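Q: Submitted below is the structure of interest, expressed as structure tokens.
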Amino acid sequence: MKIGIIQASSQANKNQLIYSAVKKYAPKDSEIINFGCTPDEKYSYSYIDISILVGILLASEAVDFIVTGCSSGQGMMLACNSMPGVICGYAPTPKDAYLFVQINNGNAISLPLGEDYTWTGKENLDRTIEALFSEPFGQGYSKSEAARKLEDTKKLKEIRRDGQISMQELLSKLDSSLLETIRKKQDVVQYVAKYGKGRNLYHQLSKAAWKCF
């Protein structure tokens with residue numbers, strides 16, 4: 001599994017904490033890529049900007065799963081779920097993280113990084129990441145209801161796929177100012193160009209949408 005870490009600039013001081021926890025608890029054969037945002041980055045990115053980058057990373061298949069967040073975690077979750085093909089959960093607690101990946105089997109999780117961030121907040125984040133990766137994704141829960149829940153998850157993914165435009169189409173419709181902002185996140189752009197499906201950015205996403213790159 002390739003796991004990407006990327007959160008809004010407003011919580012850049014939590015980036016290393018997230019990265020350390022994911023590195024500690026992710027499956028041993030995972031590749032973990034930290035895209036920031038870090039305190040020393042030149043530009044600032046809102047949760048809207050980051051959600052588009054999350055959509056690009058997942059649509060290109062450059063990564064399999066994203067750990068993200070913003071101050072409340074709610075805005076990032078909603079924004080990510082507006083991206084084609086992204087199913088993002090909200091995980092304020094270890095139980096929420098576990099149930100999301102077991103029942104909903106999504107490809108992104110949003111953490112509330114600005115709420116009650118005392119020592120107990122750090123402990124909760126650590127335990128939440130531990131629960132997230134404690135078992136293989138998509139096994140269903142509870143065991144007696146697993147088959148039904150997994151069938152419902154399959155239907156949900158089919159409905160989302162049929163009801164959404166592609167990431168390529170979305171990028172072609174975005175305001176140029178948004179495209180200009182995400183263009184500045186060169187670590188993401190270059191990673192998608194190198195490791196995205198077909199190993200070429202333009203094979204996955206339209207040249208028209210990405211002409212500014």
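Q: Using helices alone, I'd like the mean residue ellipticity at 222 nm for the chain: each DSSP H run of four-plus residues gives -39500 (n - 2.57), total over residue count, nearest 500.
A: Helices in the chain give a 222 nm mean residue ellipticity of -13500 deg cm²/dmol.
Q: Which of the lysines could a cross-linker span from LYS122 if the Cα-Cα distance has to be under 21 Å and same-chain partners fewer than 8 positions apart are dropped?
A: LYS14, LYS23, LYS24, LYS95
Q: Counting only residues 5 or more places away or on other chains, whose amide H sits under 5 Å from the amide H of ILE66 once H atoms are built in the peptide plane?
A: GLY4, ALA108, ILE109
Q: Around LYS2, under 11 Å between beta carbons, what's the net of Lys plus Arg minus Asp minus Glu among the other residues?
A: For residues surrounding LYS2, the net value is -4.
Q: Nearest 5 percent is fine: what portion of the DSSP beta bridges confined to the chain is antiparallel?
A: Among the beta bridges of the chain, antiparallel pairing accounts for roughly 0 percent.
Q: What is the spin-label model distance, in nm, from GLU180 to SER20 if the labels are put 7 Å beyond Cα along the C-beta direction?
A: 3.8
Q: For the range 2-204, compute the orientation-averaged projected area of the C-alpha convex hull (one quarter of its surface), in nm².
A: Answer in nm², one decimal: 11.2.
Q: If you rank MET77, MET167, MET1 by fewest surrounding Cβ atoms within 10 Å, what's the result?
A: Going from sparsest to densest Cβ surroundings: MET1, MET167, MET77.
Every number in this text was worked out from the coordinates using simple rules, so none of it is lab data. Model, not experiment: these values are computed from the prediction. Cβ sites come from the backbone with ideal geometry, for glycine too, and all protein chains shown count toward neighbours.
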